[in-house]
Every structure is written in C-alpha cells, then in structure tokens.
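Report on the structure given below.
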Amino acid sequence: MSGERYNPREMEPHWQEVWDQRQSFVTSNDDPREPYYVLEMFPYPSGRIHMGHVRNYAMGDVVARYHRARGKNVLHPMGWDAFGLPAENAAIERKTHPGTWTRANIATMKGQLKSMGLSIDWTREFATCEPEYYKHQQAMFIDMMAAGLVTRKQSKVNWDPVDMTVLANEQVIDGKGWRSGAVVEQRELTQWFFKISDFAEELLEALDGLTEWPEKVRTMQRNWIGRSEGLRLLFEMVPNNTVNAGSIEVFTTRPDTIFGASFVALSPDHPLTAELARSNPALAEFVEETRRLGTATETIEKAEKKGVFTGLQVKHPVLDGQTLPVYVANFVLMDYGTGAIFGCPAHDQRDLDFARKYDLPVIPVVLPPDADAASFAIGDEAYVDTGHIFNSGFLSGLSIAEAKTAAAQFFAERTVDGKPQGKVEVNYRLRDWGVSRQRYWGCPIPVIHCEVCGTLPVPNKDLPVVLPEDVTFDKPGNALDHHPTWKHVPCPQCGGPARRETDTMDTFVDSSWYYARFTAPQAETPTVPDIANRWLPVDQYIGGVEHAILHLLYSRYFTRAMKATGHVGLDEPFKGLFTQGMVTHETYRSAAGEWVAPVDVVLETSGETRSATHLETGAPISIGSVEKMSKSKKNVVDPDEIVATYGADTARWFMLSDSPPERDVQWTEAGVEGASRFQQRIWRLVGDTVALRAQSQDLPPVAADEEATALRRAAHRAVQQVADDIEGLRFNRAVAQIYELTNALVRSSGLVSAAPAARLAALEEGVGYLVQLIAPMMPHLAETCWQALGREGLVADAPWPQVDPALLVDNDVVMPIQVNGKRRGEITVAKGTAPAEIERMVLSLEAIARMLDGKTPRKIVVVPDRIVNVVV
RNA sequence: GCGGGCGUGGUGGAAUGGUAGACACACCGGACUUAAAAUCCGGAGGGGGUAUCCCCGUGCGGGUUCGAGUCCCGCCGCCCGCACCA
C-alpha cells in the first residue's frame, strides 16, 4: 500500500458515511461533560456555497473537533437564514414560489456542506422560513409587546413608488431605487419598532466585558451607539407675531461655549420650521430643496452649509439685553438631540462655515494654551482643541470640563416658561430598530387591527400566523397585502371584522435568536431556559466582519429582550467572537476588457514573469489585481470543483494555512496544489511507518538513543503548540507546527533501520500524534491514516494526546552571544547554568576575544537561558 | 473630518523587548528517470570577501534600552468602519 496515492474522492464519502452511521457528531443535552458551543454564522441559502463559507466552516470545524478531542460535550449546529428579498426576486423572475426556490437551495447547499466533512449535528438543523421556527418568533414578539419592548410609531422611510415598498438606505442609490430606478420618496409610515434605544446604555457598557471580541468590533459598536453627554437648553423667544412658542430647546455638548453663541438653528424637519414655512414661501422652498437632497449620501458630504433666516430672535441666555437670530439650517438633523442647536462659530467648523456665509459674529471663548488673549482670532478653521475659557463672564478662567459643569449648574437653577432652563442629558445615535418590512417572504408580524378594539396581538392559540402559499408576484409591492382573503380575520376580542398586519419582520430578527434555538430545536417553546442557559453564551462564534454592527448588536439586544420575557437567563449571547477575513483571487480580463473566470485561464511562469492565456482560444489574458471573490468580476472558484479535484481536506487545509485567519486569504492554484501534495506526503509517511514496522519485527530491542529522544521531544512539543495555537485561533501557526513535525518525522523515518526498536517506537508515536494533529483540519485523511496505522476506533473519537512535560523542556539551551547588541556567536550550556559561569565561558570564546580586541567589557548582561550581551 | 488597523525577502507570512525572515508558495541546483511528472537532497534578504569573515537590512526621522520589527514621539503610505451627531 505504501506505493499507492491517497485518493480523497474515494475516502472522503466513505468516512462521511461512517460518521453519519455512528452519529459521531450528534450532541446530547444530557451529557454530563463540560459543554462547549461553537457556532459559525449560518448561511443565507442563496444557491451554492462559496469559498467564504468554506473558510468560515473549516475554522469552526477545527475548533469543534479540537474541543471534542479535549473531552468536551461540543455543540456544533447548522441551519439556514432562509427568509429574505432574493427569494422574492427569484420568484418574480422564475414564476415560482419563494419557498420552492429557498428549499431547493437549502438541499443543494446542505449536500455541499456535507461533502466538506464538517462535524455538525445535523439533527438540530432548521430553516427560519419554516413555521416550526417562526411561530416561536411570533410568540416572542407577543411576549415582547406585553413587556413594553415593542412600539408602533410613525417614521420617515425611503419609499419606492414603483416597486411600492420601503427600501433600506443601502438600497437607495443616487436617490433612486436600486431595482426600479424610480426616484425615492420620503414617506411617513406607521411601523413596528423594537425599543433597542432603551438598552443603549447597557449595550454600550457591556461591551467592556466582551474581552474575547475583536477590539475593532467593539469600537464599531461603541461608535454606532454613539453616546454623547450634553445639555438640553431653552432659549426664550423674543415676543413676535409669527409663532406662539415660548422657547426653543436645543441640545449641546458644549455649554461651556455659550458666551460664543451667535445664532440658533432649527432643522428643516423641526415642527417650528413647518409652522413658519406655512407663511414663509422662501423657507418652504428651502425645506423642499433639502428634502430632495436628503437621500443621496454623497451629496450630503459636500453640501454647502446653507440656511434661511426665520425673522425670529431669541434672548441670549447669559448676556442680558442681547438677542440671537434664529435660522433654519440644512446641517441640523431632526433625528439627533432636539433638532435645534445654538451655533458657536469660533469652536465648531460647521457653525463657522455658516457664520462666514451669513456674516454672523465669530466670538472666540476658548483660548489655546500658548495663545495670547488679546490677539487670538479665528480664521477659516474653528478651534476645537483644549484650552481655557475666556471672554465668558463667570466661566472665564475655567477649563473646558469645569466650564461645562458650571454652565450646566447655572442653567439648571434658572427657569424659562416655568421649567429649568438647562437639563443635563445623555444622547445616543442609536435609533430604535424598525422591523416592519412590506414584503411577503418574512415572518408575519402576529398582530390584528380592529377598528373598534385597536391593535391586538394574535392570541397564542392561533399561532403560528402562517404565510399563505397561494400568492402571486405579478404586481409590485407586498404579496400579502394583495392576497384576496388572508388579511381579513375576525377581531380576537370583539369578533367584528378586522385586518391582519401584512408587514413581515426584518430578517435580522430571525438571526437574532437562532443560536438559542439550536440548544433545543424541537422544543414546543422558543427555548427551554434550563437547556439554553447551560449551553449559552456561545463559546466561540465565527463569521464575517460585515456583521460587526447590525447582526451582532441586534442579537445582543434580543438576548436581553429574551431575558426580560423569561426565555433565557443571560445578557450576552456570544462570549468569544472571531471575524475572519475574506477569500480573494486574482482577476483576469480578455483583450476586450471582459472578465474571465479562473477556470478558463492558463497561467504560465517563466523566470520571474507570469503570463496568462485563455484555455480554449489561447488568446492573451491580462492579470489584474487581487480582489474579493465576486460574481461580477468572475474571480470565483467553486468549492464543488475543488472538492471534486483535490478533496475537501485539501480545500480545508489550504484555507487554514499561511494567512492569519482574521486577514484576507488569496486563493491560488499553486497554494491548493501545495496543500494537496502535503496530503500525499503524510500518506507516504504513514505507509513508510507501517512498512518499517513490518520489516523490523524480528530485530532485538535497543535502548532509546539521542535520535529517538529528539524525535519524541519534537512530537510532544508540536502537540503542545498546536493545541495552544488552535485555542488562540492561530490556525496558520498550527499548520506551520504540523509542517515542522512532518519534516522531522520524514527525516527520521529514513534513519530508523539504525536502531530499530527505540527509533521505531518514537517514530510510531510521532506519526500517531501527527495524525491526531491534522484530524481537526483534514479529518478524512486522518481517519484513513488512523486506520492504516492499525489504531482502534475513529480518530474523531480519540482523546487529544497527553504530552509528557519532561519532554517539553530541553536540558541544554543554545544562548546567542551579542557584543553591543549584535550577534557574534553562541554557546550551548546546560539549562540553569549560573550567570558567572556563563560569563567566564563567553569571555574565553575566541570570536568574542577578537571582538573585544584586548579591551575589558564594560558590562555583561546575562539573561538566564536566553541570551548574553557583552557591552564594550 | 473622526475612529480602528496595517507597513518585514520574489510572494503569503513567523518572531513573551532577546539569534529577524519559522513554515509554506514560487524560484534555482543536484539525485532518480530513456524522458517528463511525482519524489528525495540541497541553495537562497542585499552587498562585499568568497573559508568558518565583515557591512547593511523590518515604510521614513528621532527617542528609551545592555539589546527595538516589537515600546514612546513625529512624519509618509495603504486598508477598513462611521460620517453634517451639535
């Protein structure tokens, strides 16, 4: 057998079947061993898996298989994030049902995932589009309504008048709908919201406890929540005939600069603006104009600071007798704070731009540390750094922080309209989570609207609210709304005619609790709290960084909502988070500039130049930049083809090699071939080992020699280091360790005949370990080798090798010797040799003596067992 | 603009403040072979001496240290996220 090549095409399906039959990866909730939950972000069933999935699931599988070997009860499930717009679009294009398309995709992709040999408990599989899943989501929605976590309110949305649907911001391109191309309108719609903003402070504070999350993701969430501490401040209106409001409330984080105020500005969407616009055509026109520009983000960036004077004045809050003009300005957002600001041009760039345009005063009130109060002036740039307050009455001389406190206190004690003039307030950028979608293919919101009784939850006995199957997609808009009968139901309270809610939930709701459902996927309740609490939080969650904010923030919120409604007993769903990099590939173009897929390209290397030609036509192809694999650039490699050609193990190994997992990895044909060669190399090593054992049977036993001990050291050290690297998710380093061990074993397999018994034993031990080390990464090859070595059972069931601590420490250490920090030689000494002894040895070295050139060293630094530095 | 990250051979990348370049890919040489593939052995940061030696070298400039790819300060470049947030 040693001459035969390893054939993954034959062995991989074989072992997959063995694992299946033995139910090797089915996890029991009653297992008394320590639980470990590893989860990869579940896929959207778009049609076929891509290399990004392969990378994601290869990593997760290494973690799962490793912890299983470590004796833990590992939960490693898989499911489908199956609701969403692509299914509806496919339904329209193919004149089929979204469910038909989705379920067919799931079947295909499940087959693909199975061919990867993942250690998944498929008995826990579910798809979010099935009533068995979403009925629990509806039940929780109702629980959340009862707990006051859900609200229904008017909100401005992007409305596509052609497709008759709400669009997410990212679906609006240049102010037009991404599908229809129609100019998007801003509409006020009544929508359902989860009150995530009530949890803003908690979600922010708890980030500090997520120590096993990437700092980057925590920072992104922090920014997204966007906490800012400031003051709500009332500006008393100078009496006028236009409006009857007594005051304007602004929000500011810089009350310390109040003496520098030179205007007040309202948002175009401010209620007072609307009131004024009724009798002011110029203002009405301005509001209309800003609205038109409102949707296109690129224009906002460059938009000039513009405004219209309202004719109103407010009293200056600290300078008696002075007034400030009130403008409506395009840069003031209604969504944030109170929708009104006071402008301090000297210390805010936007305010300064505005003030210069409309000739408003610029009054510096913060003096930079090294500036002179008499001559300090503001040019084109606002001064936003630290300094001391000046020109500011009772605030003068204070630091910015002190002045903020003093101003807050001052305004808290004064009243306007019988209310305190100032009130300290914390503001968040985080908005409530609007979950209403005017789409068919989502979880129906379980609510009934009755003219008499109002908005009522669907009674529990009537759940689930199932999507009707007989729908058509020939009209734009929400197919649920078009359905002739579905929405007409009797009111659950009065029995009179009522109407079902036809909005469905954002698909992010589906993915906000699936990890909890996996712990008891067949339960009659959304979760079984005892079981969920035992498994959760997920020990290691792995997925793309593109979900750093939305999915992960929503899940953190939803876990809290589930806690509030008694479905789980914890706040944070994911203890460890890892965000893996993307899979990239070179791009290729024909002379005509068309993208060409890698399968159609033949690459050639001659010396240092690489060239490419078309596989069929032989026409020259230009090699372009390395980019994320994408259909539009055709630089994709199909996992199925790789599995068919090289096997799943090769694909998995390559995905784990070389690149650190959090960085992008470049898929190359050469890299895959290297991985495939390594697979054969291990197989040969196993074959050689077995053959050597057979040849050596009658040789007399010999004591262990240095060679054998050295090999054992290498093997035990590799076991230790691979374990450390897997636990730290440094898969590329684990791979390098495995290469090193393999090299050592291959080298010594050639030396075995010299001292058969001891060396053969060391070799067999090392090869056995090697097989166990590769098992999490190349599980099929590992099983085949395990069997060839004649080991018991499956390597998937074998416990992780026990390392002998004595073999991890060397008796001798090689100490480099530096002279003035430059390496000039080395000595080998017994571990723990006294520094004085080392100094003596170092000085007697010829190379060192030559460097010293007769001089006496000023100092000799000896770092025990590490390094020596001679300072001259 | 704000926030985060990164910068090391031909390439991907290693390196608790302690021998820079582990490991791999690509490349070059040799062995085996009629030949090729596969495999095995060896070489390789740059420059010079070519022996077993010396100089330079982790984006650039400073600093701390016996010793800096690593820590600090200031630049340059690239990537990602957010962005009129008062």
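The values are calculated or read from the model by the stated rules, or taken from the named source; none is laboratory data. Given the structure is predicted, the values throughout are model-derived calculations rather than measurements. Don't worry about glycine lacking a Cβ; one is built from the backbone with ideal geometry, like all the others, and counts go over all protein chains shown. Remember, those area values only see protein heavy atoms, side chains included, never the ligands or the DNA or RNA. Shrake-Rupley method; radii C 1.70, N 1.55, O 1.52, S 1.80 Å.
Each residue in region A:714-736 was checked for being in a helix (DSSP H, G or I) and open to solvent by less than 40 Å² (accessible area, probe 1.4 Å), and 13 pass. Filtering region A:19-40 to residues that are open to solvent by 20 Å² or more (accessible area, probe 1.4 Å) and either of a type in the set (D, E, K, R) or over 28 Å from A:ASP797 (Cβ atoms) (or both) leaves A:ASP20, A:ARG22, A:ASP30, A:ASP31, A:ARG33, A:GLU34.
Taking the criterion of being exposed (fewer than 15 other Cβ atoms within 10 Å of the Cβ) and assigned to a strand (DSSP E or B), the residues of region A:426-456 that qualify are A:VAL426, A:GLY454, A:THR455.
Filtering region A:755-776 for residues that are among the acidic types (Asp, Glu) and either part of a helix (DSSP H, G or I) or touching a Cys at 6+ places or on another chain (Cβ under 6 Å) (or both) leaves a non-empty set.
Out of A:LEU276, A:LEU324, one residue alone is away from RNA strand B (no atom under 13 Å from the Cβ), open to solvent by less than 90 Å² (accessible area, probe 1.4 Å) and either closer than 23 Å to A:GLY422 by Cα or in a loop (DSSP other than H, G, I, E, B) (or both). It is A:LEU324.
Screening A:LYS475 against (1) surrounded by 17 or more Cβ atoms within 10 Å (Cβ to Cβ); (2) touching a helix residue (DSSP H, G or I) at 6+ places or on another chain (Cβ under 7 Å); (3) free of Cβ contacts under 8 Å to residues at least 40 places away in the same chain leaves a single unmet condition, (1). When region A:644-672 is limited to residues that are open to solvent by 30 Å² or more (accessible area, probe 1.4 Å) and β-branched (Val, Ile, Thr), the one that is farthest from RNA strand B (Cβ to nearest atom) turns out to be A:THR645.
When region A:717-749 is limited to residues that are of a type in the set (Val, Ile, Thr) and more than 10 Å from RNA strand B (Cβ to nearest atom), the one that is farthest from A:GLY543 (Cα to Cα) turns out to be A:VAL719.
Being near RNA strand B (Cβ under 8 Å from one of its atoms) and surrounded by fewer than 18 Cβ atoms within 10 Å (Cβ to Cβ) is not true of A:ASP370. So how many residues does region A:89-120 have that are surrounded by 17 or more Cβ atoms within 10 Å (Cβ to Cβ) and either among the aliphatic types (A, V, I, L, M) or in contact with a strand residue (DSSP E or B) (Cβ under 7 Å, 6 or more places away or on another chain) (or both)? Qualifying residue count, region A:89-120: 8. Report whether or not A:GLU586 is in a strand (DSSP E or B), within 14 Å of RNA strand B (Cβ to nearest atom) and at pLDDT below 85. So A:GLU586 fails the test. A single member of A:GLU783, A:GLU740 is part of a helix (DSSP H, G or I), among the acidic types (Asp, Glu) and modelled with pLDDT under 95, and it is A:GLU740.
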